[in-house]
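*Asks:* Have a look at the structure that comes next, please.
Quick note: the coordinates plus some simple rules give every number you see, no bench work behind them. Please read all numbers here as calculations on a predicted model, not as lab measurements. Here the Cβ positions follow ideal geometry from the backbone for every residue, glycine too, while neighbour counts run over all protein chains shown.
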Amino acid sequence: MKVLITRSIPDHFIARLRQLAEVEVYPETIKAMPKNALLEAAKDKEIIISMLSDKIDKDFIDRNPQLKAVINLAVGYDNIDIEYARSKGIIVCNTPDVLTETTAELGFTLMLTTARRIVEASELVKTGNWVGWSPYLLAGLDVYGKTVGIYGMGSIGVALARRCKGINMHIQYHNRSESQYAAELGADYVSFDELLEKSDFIVCTAPLTNETKGIFNQAAFNKMKSSAIFINIGRGGHVIDEDLLEAIQSESIYAAGVDVLNNEPVGKDHPFLTDNRITVLPHIGSATVDTRDAMIELCIKNAELILQDKSPVSQVK
Ligand code: DGY
């Protein structure tokens, strides 16, 4: 069988697959494989190890009838038309569990960073504009003891809730179903509206689906407290960008911190960057060396098993 890896990864991982298959690797480390290059390289490959930036849609699947498996280097797989892949018998794998703590940690970091205006503070010093201590200089909001509303109480939501509990926050969440960890966390299951209306921090950790697309829109931001901070570590597609910007500019909410954006990567002219109250990160939720190693390891393991005609360990069901 032939395997395509759509981004450069450490050689020792590739060497393992080369013992079992012919492997082509797109040599870029940072830039996504252009659509045409991906289509060209994929056409004789049975297995693709893909990145979340690769669109594996109906058209791509139709053009690649030889495809047996897509192994996505991410827990989210909204870049893949999962229903269509399934209907064609294509195995889809992702990287759950190994990135849970790291991604929750980034969510928690964004809560603190945004509330305490850390990016602005650092910029003030870097640009030589710090003229002295003053009582309300860069005064932000407290986080401890406040109410966090977690939208999406999967494993990342639970890991985030544990961190919030550590600083005495009250936890409420909204999810498709109640979490088995709610009692241990003292977390309250609430309606989406209640989550919006009664939380000081609203954190989106949910996967992007047709149901959750654009759920953080004008109506949702209007229901939040004027002191609320909105954090997104799910996917950019959950948010209507103009509505978030309007909510910030009209001071209908206090601030936002986003690690994920519509149409990534965005440039320096992105409207969110015009307002200091929006902290923007370049999708680094799971970006620690240990976690990225573990994610790649899981992808390689899945590919090895599929190449040996065995069941992969993390197939999306
Ligand atoms: C994922 O795995 O889905 C994350 O967004 C990657 O950082």
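*Asks:* Going Cα to Cα from LYS126, which lysines come in below 25 Å? Please leave out same-chain ones fewer than 8 positions away.
*Replies:* LYS268
*Asks:* At 0.36 nm per residue, minus the direct Cα-Cα distance, what do SER122 and ALA21 gain on full extension? Give it in nm, one decimal, please. Please report the intermediate quantities before stating the final value.
*Replies:* Details: separation 101, 0.36 × 101 = 36.36 nm, distance 4.88 nm.
That pair, SER122 and ALA21, stretches by 31.5 nm at full extension.
*Asks:* Something else about it: Quote the FRET efficiency, to the nearest 0.05, computed for ARG162 versus ASN222 with a Förster distance R0 of 35 Å and r equal to the Cβ-Cβ distance.
*Replies:* Working: r = 31 Å, r/R0 = 0.88.
So the FRET efficiency works out to roughly 0.70.
*Asks:* How much net charge surrounds ILE171 when only the other residues with a Cβ under 14 Å from the Cβ of ILE171 are counted, with Lys and Arg +1 and Asp and Glu -1?
*Replies:* Details: positive: LYS146, ARG162, ARG163, LYS165, LYS198; negative: GLU178, GLU184, ASP188, GLU194, ASP200.
Local net charge: 0.
*Asks:* Convex hull over the Cα atoms of the range 1-137, averaged projected area in nm²?
*Replies:* Details: hull surface 47.9 nm².
For the Cα atoms of the range 1-137, the hull's average projected area reads 12.0 nm².
*Asks:* Count charges around LYS58 for me, please; just the other residues with Cβ under 11 Å from its Cβ, Lys/Arg as +1, Asp/Glu as -1.
*Replies:* Values: positive: LYS55, ARG63, LYS88; negative: ASP57, ASP59, ASP62, ASP81, GLU83.
Neighbourhood net charge equals -2.
*Asks:* Sticking with this structure for a sec: Determine the calculated [θ] at 222 nm for the chain from helices alone, applying -39500 (n - 2.57) to every DSSP H run no shorter than 4 residues and normalising by the residue count; nearest 500 deg cm²/dmol. It would help to have the intermediate numbers written out before the result.
*Replies:* Values: 12 runs with 110 residues, N = 317.
Computed mean residue ellipticity for the chain: -10000 deg cm²/dmol.
*Asks:* What order do you get for ILE5, ILE30, ILE56 when you list them from fewest to most C-beta neighbours inside 10 Å?
*Replies:* The order, fewest Cβ neighbours first, is ILE30, ILE56, ILE5.
*Asks:* Here's something else I'd like to know. Dividing the alpha-carbon Rg of the range 35-76 by 2.2 N^0.38 Å yields what?
*Replies:* Details: Rg = 9.6 Å, N = 42, 2.2 N^0.38 = 9.1 Å.
So the Cα radius of gyration is 1.06 times the expected 2.2 N^0.38 Å.
*Asks:* What share of all Cα pairs of the range 100-280, in percent, falls into each consecutive 5 Å distance bin?
*Replies:* Result returned by the calculation: 1, 8, 18, 22, 21, 15, 8, 4, 2, 1, 0.
*Asks:* What percent antiparallel are the DSSP beta bridges of the chain, to the nearest 5? Write down the numbers at each step before the final one.
*Replies:* Values: 1 of 39 bridges.
In the chain, approximately 5 percent of DSSP beta bridges are antiparallel ones.
*Asks:* Please report the relative contact order for the chain, taking Cα pairs under 8 Å with a sequence separation of at least 6, and give it as a percent rounded to a whole number. Before the final figure, lay out each step's value.
*Replies:* On the way: 587 pairs, mean separation 53.3, N = 317.
Relative contact order, the chain: 17 percent.
*Asks:* Continuing with the same structure: What number comes out for the charge environment of GLU105, summing +1 per Lys or Arg and -1 per Asp or Glu over other residues with Cβ under 11 Å away? Write down the numbers at each step before the final one.
*Replies:* Details: positive: ARG162, ARG163; negative: GLU101.
That works out to +1.
*Asks:* Same structure again: Just to verify a number: FRET efficiency for ALA287 and VAL266, C-beta to C-beta distance, R0 = 22 Å, to 0.05?
*Replies:* Details: r = 17 Å, r/R0 = 0.77.
The calculated FRET efficiency here is 0.85.
*Asks:* In the structure shown, do any of LYS165/LYS225; LYS58/LYS301; LYS68/LYS301; LYS68/LYS310; LYS2/LYS58; LYS31/LYS58 have a Cα-Cα gap over 19 Å, and if so which? Write out the running numbers ahead of the final one.
*Replies:* Details: LYS165/LYS225 21 Å; LYS58/LYS301 26 Å; LYS68/LYS301 16 Å; LYS68/LYS310 13 Å; LYS2/LYS58 21 Å; LYS31/LYS58 23 Å.
Too far apart for the 19 Å limit: LYS165/LYS225; LYS58/LYS301; LYS2/LYS58; LYS31/LYS58.
*Asks:* What does the highest-first list of 240-251, 132-143 look like by mean Cβ count within 10 Å?
*Replies:* Working: 240-251: 17.0, 132-143: 10.5.
Ranking the peptides 240-251, 132-143 by packing returns 240-251, 132-143.
*Asks:* Another question about this same structure. Evaluate the distance, in nm, between pseudo-label points positioned 7 Å from the Cα of THR209 and of ASP142 along their respective Cα→Cβ axes.
*Replies:* Simple spin-label model gives 3.8 nm for this pair.
*Asks:* While we're here: Over what distance in Å are the Cα centres of the range 251-309 and the range 13-60 separated?
*Replies:* Cα centres, the range 251-309 to the range 13-60: 20 Å.
*Asks:* Hey, how many Å between the Cα centroid of the range 199-217 and the Cα centroid of the range 131-155?
*Replies:* 20
*Asks:* Report the Cα-based extents of the chain along its three principal axes, largest first, to the nearest Å.
*Replies:* 65, 48, 32
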